[in-house]
Amino acid sequence: MPSVLPLGDPAPSNGLLPPQVVDGAADRAFGLYVHIPFCAVRCGYCDFNTYTATELGGGASQDAYASTAVSEVKLAARALKASGLPPRPLRTVFFGGGTPTLLPAEDLARILGAAIDEWGIEPGAEVTTEANPDSVTPESLALLKDAGFTRVSFGMQSAVPHVLKVLDRTHTPSRVPQVVQWARDAGLAVSLDLIYGTPGESLDDWRYSLETALSYEPDHISAYALIVEDGTKLAAQIRRGDVPGIDDDDHAAKYELADQLISAAGLDWYEVSNWARTPEQACRHNLAYWRGDDWWGIGPGAHSHVGGVRWWNVKHPTAYAGRLAQAVSPAAGRETLDAETRNVERIMLEARLVSGLGIESLGEQGRHAVAGLIADGLVDAPAAFHGRLHLTLKGRLLADAVVRRILPD
Amino acid sequence: MSPMARTAPVPAATDPAIIRNFCIIAHIDHGKSTLADRMLQFTGVVQSRDMKAQYLDRMDIERERGITIKSQAVRMPWELDGTSYALNMIDTPGHVDFTYEVSRSLAACEGAVLLVDAAQGIEAQTLANLYLAMENNLTIIPVLNKIDLPAAQPEKYAAELANLIGGDPDDVLRVSGKTGAGVEVLLDKIVRDLPAPVGNPDAPARAMIFDSVYDTYRGVVTYVRVVDGMLHPREKIQMMSTRATHELLEIGVSSPEPTPSKGLGVGEVGYLITGVKDVRQSKVGDTVTNLAKPAAQSLSGYADAKPMVFSGLYPLDGTDYPVLRDALEKLMLNDAALVYEPETSAALGFGFRVGFLGLLHLEITRERLEREYNLDLISTAPNVEYEVTLEDKKVVHVTNPSEYPTGKVAEVREPMVSATILAPNEFVGAIMELCQSRRGVMGGMDYLSEDRVEIRYRLPLAEIVFDFFDILKSKTRGYGSLDWKADGDQVADLVKVDIMLQGEQVDAFSAITHRDKAYAYGVMMTGKLRELIPRQQFEVPIQAAIGSRIIARESIRAIRKDVLAKCYGGDITRKRKLLEKQKEGKKRMKMVGRVEVPQEAFIAALTTDESKDKAKK
Ligand SMILES: Nc1nc2c(ncn2[C@@H]2O[C@H](COP(=O)(O)OP(=O)(O)OP(=O)(O)O)[C@@H](O)[C@H]2O)c(=O)[nH]1
Ligand SMILES: C[S@@+](CC[C@H](N)C(=O)[O-])C[C@H]1O[C@@H](n2cnc3c(N)ncnc32)[C@H](O)[C@@H]1O
Ligand code: SF4
Ligand SMILES: [Mg+2]
């Protein structure tokens, strides 16, 4: 969760949703996101809504967190029902952070268990947790598997010590193959997160990180260009000149290298920053975000979306716990999207996917822009002839620019 | 020494014999307005407690920049040997852009106080204004100012002045506008030495208009000097050039606040209010007469101020165009030197081509438009006016480079100036080098004193009007001064350089330059644009061309990455808001073909080093 919340409308204290969310709900998948706002240390580049024990003044809130989260699960179930939504079993669950695995596996299991009690879960559902390499053991992973988790996503980031150092990562490179093996042994699918373009990272450093990650044969890889977020320690370091800045051309070259090596290793891209070994191993929870499905986000600062209504919870864990202690919805604000905005979001999100967009679904300006996009090498010509807008490799790197060109002014 | 006058002569009943009309002329900053302050104070028209420095510089822009832009006339009483006299003093601007203001003021006077900074000596506008005064047959009182300065060299500069206008160095008065030393002696000398105005009180009225100013409350206020006869309130007057008639609603003198009077008689200087709304109906240089008893012959007027440099003014926000149009209309009411006509630019939209007296005039006008009318403006690189003769003998006047004819050009003529440069003799070599490199032809050189020379050159206006003065200053360690005036035109080997983005010509960047300088302009502009225009999704070639011949090229590499890689944990709202912001940003871009050029890039590219803050010359 990013640390700044949007400005929106007020949200009702009982979590009730406007009637429009019921339309077509039966056809939309339902998922759950669980935010765990704790980390052992704060990485210099990270602006997610997460806190160290010291920042929160002791471990008390961590101990009580599972109970608080479970109470939001219950509130969510009540609110969805009271809003007239049909009962829908969970198709995907995603525990993200922060560092979910900083909590005891039992706590994560408890929250998941409470959610399954409320909604049930689809056979073959995808249940993921993010994890830092130094926050799991063979035992904790086995416990997660038993509780119903199917997938773990490790924040590997890099295999190069000096890069990990700039990123403030606490794990050693050798820890990664170990935890990957443990997850396999526990029967969990494995994804690795990588970051490229860190100040001081050479193209060869990046190649080495990619080759190393691929040598562990993950089922899935996310590779993110480093974003220097306002207000982070990294931003201050760059401003002061303590570390060099980042460079878009360097990022582009590294993205191209990533796509080349990851594809060669047998994984296919399916979203700008994501590659999966088989289509089934794509992260279905993330795809739900891009496709505009329904999900409820549990936890401080978590975002939710149901049928064109988006809302977000209060940011701070203490404020969040306070709301739930009074049985009040922790939502801080929400927005109800009109048809036009929903369409803008659909175009903005679907353009990033390998499945692309139907050209006939674009407005007039968008349809007219296609020829220019083909000429500039950003959109695949044969697919366009069949009515689909698919980004080329070059187009993926300029996806936001493409979206601006196909949206009405 | 004279005391302050006990009784002031009353307007309309003042014998011309006790009137003295003079102006204060000098090089810029030699202290005219400060000396005027002391006169206002010593004659009692402004009380000490109301005094403020450069009292007559009333416009905000004059006060901020510490320079005079408009002449101001003030009537002051002064007593000498028991007689009360009426002095009309006109404080004039010193900057070369406003020389025409000086020449108008001179026509209302019999004498001029030629002021010279005792620490600087004679400078270029000292000479220029002196010659103007001599052409008008004025009696000249040479005065050294700022004698309180430790760096003052009164002996040396008194000799220089005496040498210039003839006479004895001992006759050169020494004053300090700052301390007031010598100012009363100067007032006495004005009364003694300057001739009284002469005119026929019984003849039909004739008054010369030497200034016309628009005032929101009073309409047009017209400043006149009466030559013959008498003007009274409520009577019908006629403008002799247009035959337009008006009723005199008010007549009076500035003292320095407007003070209505029973009329104005021979030799008097004052103002008229007729209720007209446009200064052009009360034209500077015109003669006012009485409708009932009109004069047969008008006084000889002066030539209209002629615009020298032209620039396109465009509102940053296209919807401000009507605001700009109204604002120009209003400014023009007060500034007869301002000319403009609408024009359109493919790159900048709707705007106006505006003619100015010089860069300072441009800068001040632009600043007033922005400040007083709350506008954000882009001004295109200034240029002079060319006369292009085509092979079919058709003649076109080009004030906008993008209108330079594309057909067969037989001949191009460019405006010329005669320039006078004053500097210590050690800089002669450097100055000659500079003038030569600007296609100048030397006209002559004189020693004003042992170590100071006057160098005369004939130069193309386009070569001196922009950065020349700054270079001169730096080559003479600040000691050089420059004056110029229009001096015909000449045939020149000029070409139009176009700038193209991705093959698309950008009209706002076209320039007319001498063939030898075209390459330098092309390299400069393409290089600048490469820095200023953000990378696009495709490579953008930038070319400079004369006709179809490319003389310089640069290219902006295509941007390779424009995508937010990270998924913000389902915070789609943030992503959408970011997109909306980017789309808004795109709307503020000017499109040149497919190339998105931010307005800031246009502004920066058009802000030549020449047009940056050249307030003082
Ligand atoms: N020390 C000293 N400074 C003076 C004197 N007279 C004027 N100054 C200073 O010289 C500067 C210019 O004075 P102004 O009176 O504005 O000069 P000006 O000739 O009216 O200038 P323009 O109207 O712009 O041509 C100001 O900083 C004055 O304070 C003087 O007698 N002694
Ligand atoms: C929610 S984070 C947390 C996962 C886990 N706590 C960890 O750091 O390993 C998920 C991923 O986002 C990526 N990420 C976080 N901050 C980023 C940034 N500023 N720029 C690019 N990627 C970032 C990292 O790859 C990280 O693994
Ligand atoms: S461990 Fe992960 S969530 Fe925590 S600070 Fe680092 S990157 Fe952010
Ligand atoms: Mg002045």
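Read-outs throughout are calculated quantities, based only on the coordinates presented, and are distinct from any laboratory measurement. On a predicted model such as this, the values are computed, not experimentally measured, just so you know. As a convention, Cβ positions derive from the backbone with ideal geometry for all residues, glycine included, and neighbour counts pool all protein chains shown.
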Exercise for the section: Measure of size requested: the Rg and Dmax of segment A:262-361, with Cα atoms as the atom set and Å as the unit; please supply both. Expected result: 17.0, 54
Exercise for the section: Compute the long axis of helix B:515-532 from its Cα atoms, compare it with the longest principal axis of the Cα atoms of chain B, and write down the angle in degrees, 0 to 90, nearest 10. Expected result: 70
Fill in the blank from the handout: Per-residue average of other protein chain Cβ atoms inside 10 Å, peptide A:394-400 -> 5
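Which net charge results for the neighbourhood of A:Asp63, defined as the other residues with beta-carbon distances under 12 angstrom from its beta-carbon, given Lys and Arg at +1 and Asp and Glu at -1? Show your work: numbers first, answer last.
Working: positive: none; negative: A:Glu106, A:Asp107.
Taking every other residue near A:Asp63 into account, the sum is -2.
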Handout entry: 12 Å cut-off, amide nitrogen to a point 7 angstrom out along B:Gln582 Cα→Cβ, residues in segment B:523-541
Key = B:537
Fill in the blank from the handout: For chain B, longest principal axis from Cα atoms; helix B:359-372 axis from its Cα atoms; angle between them, nearest 10 degrees, is 80
Practice task
Can you check how the C-alpha radius of gyration of chain A compares to 2.2 N^0.38 Å, as a plain ratio?
Solution key: 0.98
Practice task
Report the FRET efficiency, 1/(1 + (r/R0)^6), for B:Ala17 and B:Arg456, where r is their Cβ-Cβ distance and R0 is 51 Å, rounded to 0.05.
Solution key: 0.80
Handout entry: 3J(HN,Hα) from dihedral phi, segment B:431-436, Karplus parametrisation 6.51/-1.76/1.60, rounded to Hz, x for glycine, proline
Key = 5, 5, 4, 4, 5, 4
Fill in the blank from the handout: segment B:445-486 scanned against label point 7 Å out from B:Leu149 along Cα→C-beta; backbone N under 15 Å for B:478-481
Problem - segment A:244-265 residues near the modelled A:Arg207 label - backbone nitrogen below 17 Å, point 7 Å along Cα→Cβ - result: A:250-265
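Averaged over its residues, how many other protein chain Cβ atoms are within 10 Å of peptide B:311-324's Cβ atoms?
Across B:311-324, the average partner-chain Cβ count within 10 Å equals 0.
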Problem - Alpha-carbon Rg/Rh ratio, for the protein assembly as shown, with Rh computed the Kirkwood way - result: 1.15
Exercise for the section: Note down the magnitude of the dipole of the protein assembly as shown about its Cα centre, charges +1 on Lys and Arg C-beta and -1 on Asp and Glu C-beta and zero elsewhere, to the nearest 20 debye. Expected result: 1260
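Quick one: net charge around A:Arg88, please, counting Lys, Arg +1 and Asp, Glu -1 for every other residue with C-beta under 12 Å from its C-beta. Can you show the working numbers first?
Numbers: positive: A:Arg28, A:Lys81, A:Arg91; negative: A:Asp27, A:Glu118, A:Glu122, A:Asp293, A:Asp294.
So the environment of A:Arg88 carries a net charge of -2.
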Fill in the blank from the handout: For segment B:321-329, Karplus-derived ³J(HN,Hα) couplings (6.51, -1.76, 1.60; θ = phi - 60°; whole Hz; x for glycine and proline) come out as 3, x, 5, 5, 4, 5, 5, 5, 4
Exercise for the section: Report the label-to-label distance for B:Glu64 and A:Arg342 in nanometres (one decimal), using points 7 Å from each Cα along the Cα→Cβ vector. Expected result: 5.3
Handout entry: Pairwise FRET efficiency - A:Asp146 versus B:Met524, Cβ, R0 = 60 Å, nearest 0.05
Key = 0.25
Exercise for the section: Using R₀ = 41 Å, calculate the FRET efficiency as 1/(1 + (r/R₀)^6) where r is the Cβ-Cβ separation of A:Ala327 and A:Ala236; round to 0.05. Expected result: 0.50
Exercise for the section: Find the cysteines in chain A that fail to meet the 4.7 Å Cβ criterion with every other cysteine, and list them. Expected result: A:Cys39, A:Cys283
Fill in the blank from the handout: The pairs in B:Lys52/B:Lys189; B:Lys262/B:Lys283; B:Lys408/B:Lys496; B:Lys70/B:Lys283; B:Lys189/B:Lys262; B:Lys236/B:Lys306 lying past 20 Å Cα-Cα in this model are B:Lys52/B:Lys189; B:Lys262/B:Lys283; B:Lys189/B:Lys262; B:Lys236/B:Lys306
Practice task
Please state the charge dipole magnitude for segment A:19-290, taken about the Cα centre, from unit charges on C-beta atoms (+1 on K and R, -1 on D and E), reported in debye and rounded to the nearest 20.
Solution key: 660
Exercise for the section: Quick one: which residues, 5+ away or cross-chain, put their amide H under 5 Å from the amide H of B:Thr139? H built at 1.01 Å from N. Expected result: B:Gly111, B:Ala112
Exercise for the section: Calculate the spin-label point distance for B:Arg49 paired with A:Asp185, positioning each point 7 Å from the Cα along the beta-carbon direction, and give it in nanometres. Expected result: 9.8
Completion exercise
Partner shielding of B:572-582, as the mean number of partner chain Cβ atoms within 10 Å, equals 6
Exercise for the section: Scale the Cα Rg of segment B:110-198 by the rule-of-thumb value 2.2 N^0.38 Å and send over the ratio, two decimals. Expected result: 1.04
Fill in the blank from the handout: Cα-based Rg/(2.2 N^0.38 Å) for segment B:242-395, rounded to two decimals, is 1.34
Practice task
Just subtract the alpha-carbon distance of B:Thr389 and B:Ser555 from 0.36 nm times their residue separation and send over the number in nm, one decimal.
Solution key: 56.2 nm
Fill in the blank from the handout: Percent of all alpha-carbon pairs of segment A:255-317 at distances over 16 Å, whole number, is 58
Handout entry: B:Arg535 versus B:Gln490: modelled label distance in nm, points set 7 Å from Cα along the beta carbon direction
Key = 4.8
Handout entry: Rounded to whole Å, sorted largest first: equivalent-ellipsoid semi-axes of segment A:339-409, Cα gyration tensor
Key = 17, 12, 11
Exercise for the section: Can you check what the net charge comes to around B:Lys330, using other residues whose Cβ is under 11 Å from the Cβ of B:Lys330 (Lys, Arg +1; Asp, Glu -1)? Expected result: -2
Practice task
Amide H neighbours of B:Thr43 under 5 Å, at least 5 residues apart or on other chains, H built in the peptide plane: list them.
Solution key: none
Fill in the blank from the handout: log10 I(q)/I(0) for segment B:1-67, Debye formula on C-alpha points only (no solvent), q = 0.18, 0.19, 0.22, 0.24 Å⁻¹, two decimals, reads -0.86, -0.92, -1.08, -1.15
Handout entry: Packing rank of B:309-316, B:336-343, B:22-29, B:570-577, where each peptide gets the mean count of other beta carbons within 10 Å, highest leading
Key = B:22-29, B:309-316, B:570-577, B:336-343
Problem - Mean projected area in nm² (Cα convex hull; one quarter of hull surface) for segment A:129-193 - result: 3.7
